[in-house]
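The values are calculated or read from the model by the stated rules, or taken from the named source; none is laboratory data. Since the model is a prediction, treat every value here as computed from it, not as a measurement. Note that we place each Cβ from the backbone using ideal geometry, even for glycine, and neighbour counts take in every protein chain shown. Note: accessible area is taken over every heavy atom of the protein model, side chains too, but ligands, DNA and RNA are not part of it. Shrake-Rupley method; radii C 1.70, N 1.55, O 1.52, S 1.80 Å.
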Amino acid sequence: MRNRRQLYKFLSTERWKDSAVFFLRIFVGVMMLVHGIAKINGYEMLFASFPDPLGIGSGASLVAAICIETLCALLLIVGLFVRPAALLLALTMLVATFCTYPNEPFAAHELSFVYAGLCVALFISGGMRYSLDRIFFRV
């Protein structure tokens, strides 16, 4: 019983929570960066067929998605402006889930919905201890 309490106390320290958020931030950042780079590499092919869920034009929607998925992903990775970056990524993933192809089944957009949920978790937590936000903004 005593060992179980000691283990629980060890695992419930703030550093583990900070480490978990750090891992989540890096994981989501890298995955979104890979997704954004794939859009950059396929730009010519995507330009004509990219959906326009917000009514700003296909090309503008593509450029906005690329900018958000790459720049915000980099911000997540380095831990700078974590909350605004996570919010923009979450909104982008929610648009991809619910507005891009509304006639498709939800299962076709399940991954973007999972990414949106992870980004909301990062928006709530912020960068925590292992981030540039903590250094620059003392949060």
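General observations
- Filtering 68, 124, 135, 77 for residues that are closer than 27 Å to residue 21 by Cα and in contact with a Lys or Arg (Cβ under 8 Å, 6 or more places away or on another chain) leaves a single hit, 77.
- For region 130-139, the tally of residues that are loosely packed, with under 14 Cβ neighbours inside 10 Å and of a type in the set (D, E, K, R) stands at 1.
For (1) within 21 Å of residue 69 (Cα to Cα); (2) assigned to a helix (DSSP H, G or I); (3) in contact with a helix residue (DSSP H, G or I) (Cβ under 7 Å, 6 or more places away or on another chain), each residue gets a yes or a no:
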{"residue": "89", "(1), (2), (3)": "yes, yes, yes"}
{"residue": "93", "(1), (2), (3)": "yes, yes, yes"}
{"residue": "104", "(1), (2), (3)": "no, no, no"}
{"residue": "109", "(1), (2), (3)": "yes, yes, yes"}
{"residue": "115", "(1), (2), (3)": "yes, yes, yes"}
{"residue": "119", "(1), (2), (3)": "yes, yes, yes"}
{"residue": "123", "(1), (2), (3)": "yes, yes, yes"}
{"residue": "127", "(1), (2), (3)": "yes, no, yes"}
{"residue": "134", "(1), (2), (3)": "no, yes, no"}
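- Among the residues making up region 46-79, those that are within 19 Å of residue 113 (Cα to Cα) and of a type in the set (S, T, N, Q) are 61, 70.
- Residue list for region 46-66, restricted to those being open to solvent by 60 Å² or more (accessible area, probe 1.4 Å) and not hydroxyl-bearing (Ser, Thr, Tyr): 47, 48, 52, 54, 55, 56, 63
- Neighbours by Cβ (under 9 Å, 6+ apart or cross-chain): first from region 1-30, modelled with pLDDT under 80; second open to solvent by 90 Å² or more (accessible area, probe 1.4 Å) and aromatic (Phe, Trp, Tyr): 10/16
- Scanning region 46-63 for residues that are part of a helix (DSSP H, G or I), under 21 Å from the mean Cα position of the chain (by Cα) and touching a residue at least 12 places away in the same chain (Cβ under 8 Å) yields one hit, 62.
- Residue selected from region 18-45 under the condition over 20 Å from residue 117 (Cα atoms) and in a helix (DSSP H, G or I), by the criterion least open to solvent (accessible area, probe 1.4 Å): 39
- Residue 79 at pLDDT below 95 and crowded, with 17+ Cβ neighbours inside 10 Å: no
- Candidates in region 76-87 are the residues that are under 17 Å from residue 66 (Cβ atoms) and touching a residue at least 40 places away in the same chain (Cβ under 8 Å); of these, the one that is farthest from the chain's Cα centre (by Cα) is 77.
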